[in-house]
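The values are calculated or read from the model by the stated rules, or taken from the named source; none is laboratory data. Keep in mind it's a predicted model, so treat the numbers as computed, not measured. Here the Cβ positions follow ideal geometry from the backbone for every residue, glycine too, while neighbour counts run over all protein chains shown.
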């Protein structure tokens, strides 16, 4: 269940307006694919390497295949995460603007 009582500060509203101005595509690729997906790719690869082979830098097994597969998977999942985060922020932003317009306190 979503927390609908969460109010954004004027700084948060201004920050989201600047982010919106840069565009949805840029947000998804920077926040979803590069930041979140990239982190998860590196983390899961290092964790798997260490758990299975006992060494992060081991080249045992099919390392190039695992790297390519991990990059594809985490790019896709990162895209979905970024898109979901964009939609959630857009919904929250719309609710904030609607409540501010009702209350007459447009910032």
Across the stretch 27-73, what is the total count of residues that are under 16 Å from the mean Cα position of the chain (by Cα) and surrounded by 12 or more Cβ atoms within 10 Å (Cβ to Cβ)? 18
Say whether the condition of being surrounded by 13 or more Cβ atoms within 10 Å (Cβ to Cβ), modelled with pLDDT of 95 or more and closer than 26 Å to residue 91 by Cα is met by at least one residue in the stretch 2-14. no
What is the one condition in (1) without any contact (Cβ under 8 Å) to a residue 40 or more places away in the chain; (2) closer than 24 Å to residue 97 by Cβ; (3) surrounded by 12 or more Cβ atoms within 10 Å (Cβ to Cβ); (4) within 18 Å of the chain's Cα centre (by Cα) that residue 24 does not satisfy? (1)
